[in-house]
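All remarks here apply to the structure that follows.
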Amino acid sequence: MSNAKVLVVYYSRDGHTRRVAQDIVSALGCDAEEVFDTRNRKGILGFLMAGFDAGRGALTVLKPTQKDPAAYDLVVVGTPVWNGSVSTPMRTYLTQNKDRFKQVAFFMTCGGPGTDKVFGQMTECSGRQPLARLALTQQELAGDYAGRVNAFVAEIARG
């Protein structure tokens, strides 16, 4: 994968997933694109509605993205976990672009266990098996998680 064209696409409600995405982009030296929901997900009501929407597998309306995933050899997709599910904005992005991915890798930020379920949802929505997977908990994000990101990037490079 050393000469591969890579795009990191992520959604971040609170900034945790954005921080990890930026670390991955720095390590890979690749392009990035943040996905934006047109629905306001801020505050306690936004938090509750986000969990409700994610739990029922809802889709949303996204702001238009700038980068075409079909132009990349690998798209690294990042999401927070909402109510034990892939976030609604990232579910929407994956569903809308499932025919445009050559290869994918997934990462997520989460409060606890249940990552296999979310990785399964991402696989189903994208129609692709991931080249690599990374799940970081809130506890890990509060500490030094650089080694985990480096291992994820190395796995991608071996791809």
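When you look at K102, is it under 19 Å from R133 (Cα atoms) and in contact (Cβ under 8 Å) with a residue 24 or more places away in the chain, yes or no?
yes
State all residues of the range 136-151 that are farther than 17 Å from V76 by Cβ and either touching a residue at least 40 places away in the same chain (Cβ under 8 Å) or buried (at least 16 other Cβ atoms within 10 Å of the Cβ) (or both); if no residue qualifies, say none.
Within the range 136-151, T137, Q138, L141 meet the criteria.
Evaluate the range 92-105: report whether one residue or more is in a helix (DSSP H, G or I), within 15 Å of R18 (Cα to Cα) and touching a helix residue (DSSP H, G or I) at 6+ places or on another chain (Cβ under 8 Å).
There is no residue in the range 92-105 that is in a helix (DSSP H, G or I), within 15 Å of R18 (Cα to Cα) and touching a helix residue (DSSP H, G or I) at 6+ places or on another chain (Cβ under 8 Å).
Being of a type in the set (A, V, I, L, M) and assigned to a helix (DSSP H, G or I): is that true of A27 here?
Here the answer is yes, as A27 does meet what is asked.
Restricting the search to the range 1-49, which residues are in contact (Cβ under 8 Å) with a residue 60 or more places away in the chain and of a type in the set (D, E, K, R)?
K5, R13, D14, R19, D23 - these are the residues of the range 1-49 that are in contact (Cβ under 8 Å) with a residue 60 or more places away in the chain and of a type in the set (D, E, K, R).
Quick check on my filter: what residues within the range 66-91 are hydroxyl-bearing (S, T, Y) and touching a residue at least 40 places away in the same chain (Cβ under 8 Å)?
Answer for the range 66-91, where residues must be hydroxyl-bearing (S, T, Y) and touching a residue at least 40 places away in the same chain (Cβ under 8 Å): Y72, T79, S87, T88.
Report, by residue number, each residue of the range 1-32 that is under 15 Å from the mean Cα position of the chain (by Cα), surrounded by fewer than 17 Cβ atoms within 10 Å (Cβ to Cβ) and more than 14 Å from M108 (Cα to Cα).
Hit for the range 1-32 is D31, nothing else.
Run down R128, R133 and say which single residue is in contact (Cβ under 8 Å) with a residue 12 or more places away in the chain, assigned to a loop (DSSP other than H, G, I, E, B), touching a strand residue (DSSP E or B) at 6+ places or on another chain (Cβ under 7 Å) and surrounded by 14 or more Cβ atoms within 10 Å (Cβ to Cβ).
R128
Output yes when any residue across the range 66-88 is out of contact with any helix residue (DSSP H, G or I) (no Cβ under 8 Å at 6 or more places or on another chain), of a type in the set (D, E) and part of a loop (DSSP other than H, G, I, E, B), and no when none is.
Checking the range 66-88: at least one residue is out of contact with any helix residue (DSSP H, G or I) (no Cβ under 8 Å at 6 or more places or on another chain), of a type in the set (D, E) and part of a loop (DSSP other than H, G, I, E, B).
All but one of (1) modelled with pLDDT under 85; (2) over 27 Å from Y145 (Cα atoms); (3) surrounded by fewer than 21 Cβ atoms within 10 Å (Cβ to Cβ) hold for D53; which doesn't?
(3)
Take T109 and tell me if it is touching a strand residue (DSSP E or B) at 6+ places or on another chain (Cβ under 9 Å), farther than 17 Å from A157 by Cβ and surrounded by 17 or more Cβ atoms within 10 Å (Cβ to Cβ).
Answer is yes for this residue.
Being charged (D, E, K, R), under 16 Å from the mean Cα position of the chain (by Cα), crowded, with 16+ Cβ neighbours inside 10 Å and within 20 Å of Q121 (Cα to Cα) is the requirement here; does D37 meet it?
Yes, satisfied.
Which of (1) crowded, with 23+ Cβ neighbours inside 10 Å; (2) free of Cβ contacts under 8 Å to residues at least 60 places away in the same chain; (3) touching a Lys or Arg at 6+ places or on another chain (Cβ under 8 Å) does T60 not meet, given it meets every other one?
(1)
The values are calculated or read from the model by the stated rules, or taken from the named source; none is laboratory data. Not measured: the values here are computed from a predicted model. Here Cβ is always computed from backbone atoms with ideal geometry, including for glycine, and neighbour counts include all displayed protein chains.
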